[in-house]
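The values are calculated or read from the model by the stated rules, or taken from the named source; none is laboratory data. In this text, all values refer to a predicted model and were calculated from it rather than measured experimentally. Here the Cβ positions follow ideal geometry from the backbone for every residue, glycine too, while neighbour counts run over all protein chains shown. Just so you know, the surface numbers come from the protein's heavy atoms only, side chains and all, with ligands and any DNA or RNA stripped out. Shrake-Rupley method; radii C 1.70, N 1.55, O 1.52, S 1.80 Å.
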Amino acid sequence: MAMERGMAEAARISPPAPIRLVIFDFDGTLSDSGDWFLSVVDQLASRFRFRTVKDGEVEMLRHKSSREVIEYLGISRWKLPFIARHLRNLVGRNAHEIELFPGTPDLLEQLAATGVKIALVTSNAEANARKILGPEHAARIDFYACGSSLFGKAPKFRRVLKKMGITAAHTLAIGDETRDIDAAREVGMRAGSVLWGYASEEVLTALGPDALFRTPQDILEFVAAHR
């Protein structure tokens, strides 16, 4: 019994496995698509018959989880795949209006230079992500797993791990919403949350991610400290 307690204690205080793979979300994490999305949300609401978002409600919704936002807007779960597909088409036609967050190019360049593998898991389309990233930055992504359903990132995460031959313990998933944390936890990855995207710091902190990132430099420093 004493030996078992000792082994359990050693496992508890042992350092986490080094990070070999970083999986990024795209919209709200690498690309600054928030304002563009707000410009088309009324169109989506009219087409798919859900509640429109008033100007005064945007900040309030940032303090809700992803599932709470869906419920608040009155969106039926069965409509989500159709909304996502339509949204991907809209992005494809308007990708020139969406830019990367400042610091994203340097983040990808410096992260790739460390030897860490980079993957992208997003509900957006791969073609859209590549168009917004541009050829140079898109080439720094080692693996794309795109077109996931709104709450279907966990299977995409598993696919990335299998294809790249890297375990969940050696992986950090980074996003800007509560659903990104949930999916990472489901697969057993470390979860990191950026604070420049959609969800508020308060709602992200409540889920206890492994790291909160205020700047892209924070991501580089976290990965370097866990290499």
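Structural remarks
- Candidates Ser200, Val160, Leu172 compared by Cα position along the dipole of the stretch 123-227: farthest toward the positive end lies Val160, with charges placed on Cβ.
- When the helices of the chain are scored as -39500 (n - 2.57) per DSSP H run of n ≥ 4 and the total is divided over every residue, the value at 222 nm lands at -14500 deg cm²/dmol.
- Axis angle, to the nearest 10 degrees, between helix 153-164 and the longest C-alpha principal axis of the chain: 50 degrees.
- Between the helical axis of 104-113 and the longest alpha-carbon principal axis of the chain there is an angle of about 30 degrees.
- Given +1 at the Cβ of Lys and Arg, -1 at the Cβ of Asp and Glu and no other charges, the dipole of the chain around its Cα centre is 1140 debye to the nearest 20.
- Rounded to the nearest 10 Å², the accessible area of Asp218 at probe 1.4 Å: 50
- Once the Cβ-Cβ distance of Arg158 and Ala127 is raised to the sixth power relative to R0 = 25 Å, the FRET efficiency obtained is 0.60.
- Each Cα pair under 8 Å and six or more residues apart adds its separation to the average, and for the stretch 149-222 the resulting relative contact order is 25 percent.
- Each Cα pair under 8 Å and six or more residues apart adds its sequence gap; the mean of these over the residue count of the stretch 12-92 is a relative contact order of 20 percent.
- Rolling a 1.4 Å probe across all protein chains gives Ser65 an accessible area of roughly 30 Å².
- For the stretch 159-227, the Rg and Dmax computed from alpha carbons only, in angstrom: 12.0, 35
- Leading residue at positive end of dipole, the stretch 18-135 (Cβ point charges), from Val116, Ile83, Phe26: Ile83
- Sequence-distant lysines (8 or more away, or on other chains) whose Cα lies within less than 16 Å of Lys162: Lys117, Lys153
- Estimated dipole of the stretch 136-227 in Debye, rounded to 20 [Cβ of Lys and Arg +1, of Asp and Glu -1, Cα centre]: 560
- Available extension along the chain between Ala169 and Leu195 is 7.0 nm, counting 0.36 nm per residue and deducting the alpha carbon span.
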